[in-house]
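I have placed the structure first, in the form of structure tokens, so that the comments after it can refer back to it.
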Amino acid sequence: MTIQYPLRQQQLRSLIARLGLDSESPKLRWDLLDLALTHSTVSAEQNYEQLEFVGDAVVKLAAAAFLLRQFADLKVGDFTALRSQLVSDRSLATIADDLGFDRYLLVGGSAAADRAGRSSRLADSLEAVLAALYLSTEDLSWIHVWLDPLFLTQSNEILADPARQNYKAALQNWTQGHWKTLPQYRTQEVSAVHDDPERFVSEVWIRDEVCGMGHGRSMKAAEQAAAQVAYQRFVAALP
């Protein structure tokens with residue numbers, strides 16, 4: 001390992017151990033791993049942004065290979081829909097959070113105080129770490145071993161949900177199929193606090209009736225929450 005500072009060495013070794021990888025492998029590019037966990041607020045030149053660019057492609061390839069092995073009977077359209085959720089910022093941020101990336105990611109003071117940007121930082125740094133591992137081995141072997149089980153858990157949760165965690169799309173299909181109409185959303189900002197989970201409130205209207213209301217940190221999240229209420233209400237009413 002060429003990382004100069006003992007504390008940083010310990011942090012990176014801890015992450016490699018958390019992933020179940022061999023920290024003594026001569027292939028491991030510690031310099032890339034260090035870079036993958038350095039935010040631009042720490043260094044404008046030496047940070048994870050370029051690795052994130054590579055990692056964006058790596059995670060899509062890793063997810064596609066995983067899905068083909070694990071769910072070979074799925075149709076191509078289902079592959080695409082499921083992969084889009086696995087590689088979404090929300091999914092990647094959840095994985096990074098579960099792995100404790102906050103303990104390894106170097107962030108400058110201004111960004112560290114920005115709680116609203118935390119999820120994006122976690123997702124971006126995870127992509128960068130994937131790139132570092134891929135560039136160390138030039139294959140996906142050090143990625144599948146720990147990422148596939150996490151993808152499997154998320155995939156099973158998604159496939160067990162009839163709405164595939166996209167309640168706006170599910171509700172739209174429902175209303176079109178049953179009433180030949182589309183839901184209408186009325187969304188407004190009710191809080192100026194950026195990280196407020198109830199910053200936006202949304203109502204979903206169907207046939208001149210409010211069928212669901214939800215809150216969220218973003219307009220999209222609030223609309224999804226409202227759609228979920230309406231969709232689950234209609235499903236529960238089925239005979």
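The values are calculated or read from the model by the stated rules, or taken from the named source; none is laboratory data. Here the structure is a predicted model, which is why all the values come from computation and not from measurement. Note that each Cβ is placed from the backbone with ideal geometry, even for glycine, and that neighbours are counted across all protein chains shown.
Overview of values
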quantity	calculated
Condition broken by Leu15, with the remaining ones in (1) assigned to a helix (DSSP H, G or I); (2) in contact with a strand residue (DSSP E or B) (Cβ under 7 Å, 6 or more places away or on another chain) satisfied	(2)
Residues located in the range 212-226, provided they are among the hydrophobic types (A, V, I, L, M, F, W, C) and under 8 Å from Val201 (Cβ atoms)	Met213, Ala222
Qualifying residues in the range 70-93 (those that are touching a residue at least 60 places away in the same chain (Cβ under 8 Å) and in contact with a helix residue (DSSP H, G or I) (Cβ under 8 Å, 6 or more places away or on another chain)) - the one surrounded by the fewest Cβ atoms within 10 Å (Cβ to Cβ)	Gln70
Whichever residue in the range 149-195 is among the charged types (D, E, K, R) and surrounded by 15 or more Cβ atoms within 10 Å (Cβ to Cβ) and, among such residues, is nearest to Leu86 (Cα to Cα)	Arg164
Filtered residues of the range 18-40 (kept if in a loop (DSSP other than H, G, I, E, B) and either among the aromatic types (Phe, Trp, Tyr) or on the phi > 0 side of the Ramachandran plot (or both))	Gly20
Given (1) outside any helix (DSSP H, G or I); (2) within 30 Å of Asn166 (Cβ to Cβ), number of the condition Gly55 does not satisfy	(1)
Some residue of the range 205-213 being within 25 Å of Ser88 (Cβ to Cβ) and modelled with pLDDT of 95 or more	yes
Residue identified as at pLDDT 95 or above and over 20 Å from Ala36 (Cα atoms) among Leu152, Leu135	Leu152
Extreme residue, surrounded by the most Cβ atoms within 10 Å (Cβ to Cβ), among residues of the range 207-223 that are touching a Phe, Trp or Tyr at 6+ places or on another chain (Cβ under 8 Å) and closer than 15 Å to Glu189 by Cα	Ala222
Whichever residue in the range 6-48 is exposed (fewer than 13 other Cβ atoms within 10 Å of the Cβ) and of a type in the set (A, V, I, L, M, F, W, C) and, among such residues, is farthest from Val145 (Cα to Cα)	Ala44
From Leu140, Leu86, Leu159, residue being modelled with pLDDT of 95 or more and of a type outside the set (S, T, N, Q)	Leu140
Qualifying residue in the range 49-64 (condition: over 14 Å from the mean Cα position of the chain (by Cα), over 19 Å from Leu133 (Cβ atoms) and either crowded, with 16+ Cβ neighbours inside 10 Å or not basic (Lys, Arg) (or both))	no
